[in-house]
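Notes follow once the structure below has been shown.
The values are calculated or read from the model by the stated rules, or taken from the named source; none is laboratory data. Keep in mind it's a predicted model, so treat the numbers as computed, not measured. Positions of Cβ are generated from backbone atoms using ideal geometry, with glycine treated the same way; all protein chains shown enter the neighbour counts.
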Amino acid sequence: MTDWQHQLVAVLAVAGWLAVLSAAAVLVRRRWNGELAQAQREWSRKLVHIGTGLVIPMAWGLGIDRGVALPAAALVTVLAALNHRTRLLPAVEDVGRHSYGTVAYGASITLLLWWFWPDQPAPVAAGVLVMALGDGLAGLLGPLWPSPSWKVLGQRRSVAGTAVMGLASVTVLGILSATVGGPGPGAVVAMAAAATLLEQVALVGVDNLTVPLGVAWLWQRLG
C-alpha cells in the first residue's frame with residue numbers, strides 16, 4: 001500500500017468514526033428530547049465531546065500525517081463554528097447556557113496539532129484525552145450525584161463533578177505515561193490537579209481551550 005493510499009484509508013476510518021458518533025448523538029437527542037432535565041439533555045453533546053477526543057489516539061495509531069491532520073482539524077473547527085450559529089446539528093450544541101465550548105475544543109485540538117504533530121503526539125493525546133474523558137465524564141456523572149456545589153464566574157461546579165474530573169485525569173495521564181513513557185507519578189498527579197483547577201473556570205466554554213493546552217504544556221515541561 002502506497003503512502004497516499006494509507007492516508008486515505010486512515011482518513012476514511014476517522015471520518016467513519018465521526019459519522020457514527022454524529023448519528024449516535026442525533027439518536028440520543030431524539031430519544032430523550034423533552035423528557036429529561038437539562039443535565040441529561042446534554043448527553044448527546046457529551047457523547048460527541050468524548051468521542052471526538054478519541055480521534056487523537058486513532059490518528060496516532062493510524063499514522064496520519066500533519067498535512068492531513070492539521071487541515072482536517074481546522075475544517076472541523078470551522079464547521080463547529082458554523083453549527084454554533086446555525087444549529088444545523090443541535091445535538092452538538094444542546095446546552096442550556098451561552099457557550100463556545102465546541103468551537104474552543106476544535107481550536108485547541110488544531111493548535112496542539114500545529115505545535116506538536118506528528119513528532120510529539122503524546123502531549124496532544126494527553127491534553128485532548130484529559131479534556132475529552134475528564135471533562136466529559138464530569139459533565140455526565142456530576143449532575144447525577146447530589147453533592148455540595150458552588151459557582152465560578154456564574155458556572156456551577158460540584159464536589160462530584162470535580163472529583164470525577166480529577167480521577168479521570170489521573171487515570172488517563174497515568175495510563176498514557178505508562179504506555180508511551182512520560183512524566184512520573186508525582187508529575188501525573190500535579191498535571192491532573194492543574195487540569196481540575198483549570199476546568200473550574202468554564203465561562204463561555206473557555207475550559208475547552210485552557211485544559212488541553214495547559215495539560216499539553218505541562219506534559220512537555222514535566223516529562
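Just a few scattered comments:
- Scope region 144-199; condition at pLDDT 95 or above, exposed (fewer than 15 other Cβ atoms within 10 Å of the Cβ) and polar (S, T, N, Q); matching residues: Thr179
- Evaluation of Leu129 against (1) in a helix (DSSP H, G or I); (2) over 25 Å from Ala187 (Cα atoms) (one fails), failing number: (2)
- Some residue of region 115-132 being at pLDDT below 95, out of contact with any Asp or Glu (no Cβ under 9 Å at 6 or more places or on another chain) and surrounded by 20 or more Cβ atoms within 10 Å (Cβ to Cβ): no
- Any hit, region 97-107, residues being under 29 Å from Arg66 (Cα atoms) and modelled with pLDDT of 95 or more: yes
- The residues in region 143-173 that are assigned to a helix (DSSP H, G or I) and over 30 Å from Ala59 (Cα atoms) can be counted, and the count is 4.
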